[in-house]
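**Student:** Input: one structure, supplied below.
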Amino acid sequence: GVFREEDAGFYFGREPDLERLIAVVDRHPLAAIVGTSGSGKSSLARAGLVPYLRRPTGERIWQVAQMTPGNDPFLALARALVPLCEPERILTWSQGHVANECDRLAQRLEQEGSGYLPQVLRQILAQEPGTTHLMLLVDQWEEVYTKLPTDGETAGTHAMRVRLFIQMLLESVRDAALQVVLTLRADTW
């Protein structure tokens, strides 16, 4: 199985890989962990990189969001971000209200893309005083290409939405406060 962030204490033996990944993350706003299925990409990111970034050391103090794209990457991103935007209030919300907020954010991200994501980023960082950067972990990036359209969505519309999502991320990492790390199966591209 995949090691998660809470399993960090049991995750060891990949220190050289983690050091290389940290060096790449320090230099590049978008990084990819590429490997075969079962090679430990997700564990390296979740149980290695994420706990490392959460340590309050260095100039950058990180907030972390994690998602897998599924067949609706905008909604998946919104589900990862809404709890960080409203960490106190979300505890009092019904599941229906959370779902509505995620749908609303997903629609706005799709409509406004990189014109809106940096605003969401600033709101998230403001919720945790002292945080300076958001690391977005997109696990199983290949789902962006391999997942089928949602119900009622044509293949052409799905492909257009995927392009918009990729464009939004590529433009948004120009914001110095955003870092994106992808995990990607080597046999899918």
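**Student:** Does L77 count as assigned to a helix (DSSP H, G or I), of a type in the set (A, V, I, L, M, F, W, C), touching a residue at least 24 places away in the same chain (Cβ under 8 Å) and within 21 Å of F165 (Cβ to Cβ)?
**Tutor:** Considered against the rule, which asks whether it is assigned to a helix (DSSP H, G or I), of a type in the set (A, V, I, L, M, F, W, C), touching a residue at least 24 places away in the same chain (Cβ under 8 Å) and within 21 Å of F165 (Cβ to Cβ), L77 comes out as yes.
**Student:** Still on this model: Here are some residues: Q95, Q66. Which one is open to solvent by 30 Å² or more (accessible area, probe 1.4 Å), of a type outside the set (K, R) and without any contact (Cβ under 8 Å) to a residue 24 or more places away in the chain?
**Tutor:** On inspection, the qualifying residue turns out to be Q95.
**Student:** Please find, within the stretch 147-189, the residue that is farthest from S114 (Cα to Cα) out of those that are polar (S, T, N, Q) and surrounded by fewer than 13 Cβ atoms within 10 Å (Cβ to Cβ).
**Tutor:** Out of the qualifying residues, it is T154.
**Student:** Right, here's the next one. With the requirement that a residue be among the charged types (D, E, K, R) and either modelled with pLDDT of 85 or more or not in a loop (DSSP other than H, G, I, E, B) (or both), what does the stretch 40-59 give you?
**Tutor:** Within the stretch 40-59, K41, R46, R54 meet the criteria.
**Student:** Also, I was wondering about something else. Out of all the residues in the stretch 143-154, which are over 15 Å from L77 (Cα atoms) and either at pLDDT below 90 or under 24 Å from the mean Cα position of the chain (by Cα) (or both)?
**Tutor:** Residues satisfying the conditions are Y145, T146, K147, L148, P149, T150, D151, G152, E153.
**Student:** While we're on this one: Scan the stretch 154-179 and report the pairs whose first residue is under 22 Å from A126 (Cα atoms) and whose second residue is of a type outside the set (D, E, K, R) and modelled with pLDDT under 90, with Cβ atoms within less than 7 Å and a gap of 6+ or a chain change.
**Tutor:** From residues that are under 22 Å from A126 (Cα atoms), the pairs are Q179/V25.
**Student:** Name the residue, out of R89, R185, that is basic (K, R), touching a residue at least 40 places away in the same chain (Cβ under 8 Å) and out of contact with any strand residue (DSSP E or B) (no Cβ under 6 Å at 6 or more places or on another chain).
**Tutor:** R185
**Student:** Follow-up question, since we're still on this one. Scan the stretch 118-145 for residues that are under 17 Å from P69 (Cβ atoms) and open to solvent by 80 Å² or more (accessible area, probe 1.4 Å) and jot them down.
**Tutor:** Hit for the stretch 118-145 is Y145, nothing else.
**Student:** Looking at R46, R60, which one is under 20 Å from Q179 (Cα atoms), crowded, with 21+ Cβ neighbours inside 10 Å and in contact (Cβ under 8 Å) with a residue 40 or more places away in the chain?
**Tutor:** R46
**Student:** So how many residues does the stretch 1-39 have that are surrounded by fewer than 14 Cβ atoms within 10 Å (Cβ to Cβ), assigned to a loop (DSSP other than H, G, I, E, B) and at pLDDT 85 or above?
**Tutor:** Of the residues in the stretch 1-39, 1 are surrounded by fewer than 14 Cβ atoms within 10 Å (Cβ to Cβ), assigned to a loop (DSSP other than H, G, I, E, B) and at pLDDT 85 or above.
**Student:** Looking at the stretch 91-189, what helices (runs of 4 or more DSSP H) fall wholly within it and have at least 2 residues that are closer than 30 Å to T57 by Cβ and in contact with a helix residue (DSSP H, G or I) (Cβ under 7 Å, 6 or more places away or on another chain)?
**Tutor:** Counting at least 2 such residues, we get 117-127, 155-172.
The values are calculated or read from the model by the stated rules, or taken from the named source; none is laboratory data. Just so we're clear, the structure is a prediction, and the values are computed from it rather than from any experiment. Glycine also receives a Cβ, built like all others from the backbone with ideal geometry; neighbour counts cover every protein chain displayed. Heads up: the accessible areas ignore ligands, DNA and RNA and are worked out on the full protein's heavy atoms, side chains in. Shrake-Rupley method; radii C 1.70, N 1.55, O 1.52, S 1.80 Å.
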